[in-house]
Ligand code: AMP
């Protein structure tokens, strides 16, 4: 299909969306792709959690929805993302993680990119079986200091509840607790799954199995993005 390669130095930007259920490994993979391909990782969940920590008006509004495992309203999230992705550090392109999550968000993103002479070049659908997703979500721990993530079952820190990287305290996100995790999966199936067909229809969809070793998934993803 001949995607523009983000590895070349011609300065052509490339915008990639990672879509998939919570726990599929979008955040982990996006960080590798950011390093490997020079795209900027933009994660809507991370931006929302930062706004909550900073107690901005947006953060306070988002908290009501996030704690319930519901989606934050489209207008709030769309405004936040469109402000972020045209900042100078996103010039080489963006790897979107957790956005868009609804058809409205996808359309708003497409329109705004077009206004800036840009487009979505590829959409990667990362998936894994439901029981694995739940275990990944419920076992997830994050460092309060550097935001590094761990998993109690698959990738524990060397010392219990202490970050290997910066020594910070590890915590479990409130929306990662089992009941909320189950609800987030339902929300995903109802509100975000339709995007898979939407992007397939646009000829942009690439499917990657997220239920294997992290390194294999990264290689597969890089292959899809470079070789099309
Ligand atoms: P994540 O870190 O991507 O799992 O997102 C955590 C939570 O933030 C989600 O369960 C939603 O409540 C909210 N959120 C993140 N991204 C979006 C989005 N694109 N649209 C609406 N809500 C979002």
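Read-outs: derived from the displayed coordinates by stated rules, not from any lab. Note that this is a predicted model, so its numbers are computed, not measured. Here Cβ is always computed from backbone atoms with ideal geometry, including for glycine, and neighbour counts include all displayed protein chains.
Overview of values
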read-out	value
The chain: angle of helix 57-66 to the longest principal axis, Cα-based, in degrees nearest 10	70
Fully extended contour minus Cα-Cα distance, from residue 223 to residue 153, at 0.36 nm per residue	22.4 nm
Counting DSSP beta bridges with both ends in region 14-224, the antiparallel % (nearest 5)	30
Helix 44-53 axis, angle to the chain major axis (alpha carbon atoms, nearest 10°)	50
Ascending count of other beta-carbon atoms within 10 Å, so fewest first, for 37, 178	178, 37
For the chain: relative contact order, % (alpha-carbon pairs under 8 angstrom, 6 or more apart)	30
Per-pair calculated FRET efficiency, R0 = 25 Å: residue 56 and residue 90 via Cβ, rounded to 0.05	0.75
Relative contact order (%) - criterion: Cα under 8 Å, at least six apart; region: region 103-221	32
Protection proxy ranking of 62-72, 26-36 - average other beta-carbon atoms within 10 Å, highest first	26-36, 62-72
In degrees, nearest ten, helix 214-227 long axis to first principal axis of the chain (Cα)	10
Where labels lie 7 Å past Cα in the beta-carbon direction, separation of residue 146 and residue 174 in nm	2.7
Paramagnetic label zone (point 7 Å from Cα along Cα-to-C-beta, residue 183; backbone N under 14 Å) in region 22-66	63-66
Pairwise label distance in nanometres, residue 119 with residue 165, each label 7 Å out on the Cα-Cβ vector	3.5
